[in-house]
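Heads up: the structure comes next, in structure tokens.
The values are calculated or read from the model by the stated rules, or taken from the named source; none is laboratory data. Being a predicted model, the structure only gives us computed values, none of them experimental. As a convention, Cβ positions derive from the backbone with ideal geometry for all residues, glycine included, and neighbour counts pool all protein chains shown. Ligands, DNA and RNA are stripped out before the accessible areas are found, and what is left, the full protein with its side chains, is counted by its heavy atoms. Shrake-Rupley method; radii C 1.70, N 1.55, O 1.52, S 1.80 Å.
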Amino acid sequence: MATPQRRGRLPREREDHFMRLPDAQTVSTPALLTVRENIRCAIEAKAMICIYGQAGHGKSFAVNASLRELAPTLTRRIQFRARPSTRDLRHELFHALGLQGRPPSHAIEFDRMLRGALEEPRVLVCDEAQWLSKLCFEYLRYLWDDTDSDLTIVFTGGNGCFEMLQSEPMLESRVYAWQEIGSMPLDEVLAVIPAFHPVWDDADPALIAVCDQEAAHGNFRAWAKITHHLTVGLKETGRERIDEELLRWAYSKLSPRRAA
């Protein structure tokens, strides 16, 4: 759970990898490099962008890693797991921006306070944006449209995020760039996975290919889970390297996953 001092801030680097996988490395995949460039351009333009894709493809990881490099002190994050009201959104922004005192009780006063806070440069990440309602999108547009604001907004989300933002014409027309993060193709998997974790250093590329085709299907989160199971399996069996038997044991623990 985030402490009051960390609420709204970028997560610590150790929290980037799924299950905080020990020894996992950040790999500059084509998707991550594109996210970084899109965010850099958005910050320069004070724009809105949307980064979306199916679960496990590395959206939040890429956004967090990029902003930790580009704007670590300016970034604030908000996230909802259920459909919020504009009141919920105001209060979440109040805490994410680190505003002092008690939240105002009247909407007009609250809006004035938030607009004043956003006159300073800020990058706002709206994670799981598909949960936001039309009224919440309208409110964020209202804050961003304020001529005195210095606000960049990064919308990220999974299934339904693209469709939700596209269905709001007044917002969609203001989005500066759209980026969909998909699954890694096999050639990228073969280049990325050995650099992702030491357990894959001397793994046979043919085994990596089989694992991707039968279980991971280019999904980074699936690869992180398989890697975690392998580190446990290597320790418990005393083996020094991955073989086919151990690999199939590791990915047998995943639910059946269809290729995207």
Test of understanding: what is the full-extension gain from E120 to E180, defined as 0.36 nm times their sequence separation minus their Cα-Cα distance?
18.6 nm
Unit charges at the beta carbon, dipole of segment 123-230: most positive-side option, I193, T227, Y176
T227
Karplus couplings for segment 23-31 from phi (6.51 cos²θ - 1.76 cosθ + 1.60, θ = phi - 60°), rounded to Hz, Gly and Pro as x?
6, 5, 10, 7, 10, 7, 6, x, 5
Report, to the nearest 10°, how far helix 186-196 tilts away from the longest principal axis of the Cα atoms in the chain, using its own Cα long axis and a range of 0 to 90°.
90
When all Cα-Cα pair distances of segment 22-101 are considered, the percent exceeding 23 Å is 34
Report, in degrees rounded to the nearest 10, the 0 to 90 angle that the Cα long axis of helix 59-70 makes with the longest principal axis of the chain.
70
If I model a spin label at L135 and E163 as a point 7 Å from the Cα along the Cα→Cβ vector, what separation in nanometres do I get?
2.3
Charge dipole (debye, nearest 20) of the chain; +1 at Cβ of Lys and Arg, -1 at Cβ of Asp and Glu
980
Protection proxy (average C-beta count within 10 Å per residue), highest first, orders 121-130, 70-79, 234-243 as 121-130, 70-79, 234-243
Two pseudo-spin positions, 7 Å from Cα along C-beta at D146 and at S173, lie apart in nanometres by 2.3
Run lengths n ≥ 4 of DSSP H only: what is the helix-derived mean residue ellipticity at 222 nm for the chain, with -39500 (n - 2.57) per run over all residues, to the nearest 500?
-13500 deg cm²/dmol
What is the percent carbon and sulfur in the accessible area of segment 40-104, measuring with a 1.4 Å probe over the protein chains and ignoring ligands?
47
Say R0 is 45 Å: what FRET efficiency, to the nearest 0.05, do V232 and A82 get from their beta-carbon distance?
0.85
Residue by residue through segment 94-106, what is 3J(HN,Hα) from phi via Karplus (6.51 cos²θ - 1.76 cosθ + 1.60, θ = phi - 60°)? Round to whole Hz and write x for glycine and proline.
4, 6, 5, 7, x, 6, 8, x, 9, x, x, 8, 10
With just the Cα atoms defining each centre, how far is segment 38-78 from segment 82-135? Give it in Å.
18
If every alpha-carbon in the chain counts as one equal scatterer, what log10 I(q)/I(0) does Debye give at q = 0.09, 0.16 1/Å?
-0.46, -1.14
Length added when fully stretched, E13-L74, from 0.36 nm per residue minus Cα-Cα
20.3 nm
Using the per-residue mean of other Cβ atoms lying within 10 Å as a proxy for protection, in what order, highest first, do the peptides 165-177, 145-157, 46-58 fall?
46-58, 145-157, 165-177
Counting only protein heavy atoms and leaving out ligands, DNA and RNA, the solvent-accessible surface of K134 at a 1.4 Å probe, in Å² to the nearest 10, equals 120
If I take every Cα pair under 8 Å that is 6 or more residues apart in the chain, average their sequence separation and divide by the length, what percent do I get for the relative contact order?
24
Enumerate the calculated ³J(HN,Hα) couplings along segment 222-237 in order (Karplus 6.51 cos²θ - 1.76 cosθ + 1.60, θ = phi - 60°), each rounded to whole Hz, writing x wherever the residue is Gly or Pro.
4, 5, 5, 5, 4, 4, 4, 4, 5, 4, 5, x, 4, 5, 6, 8
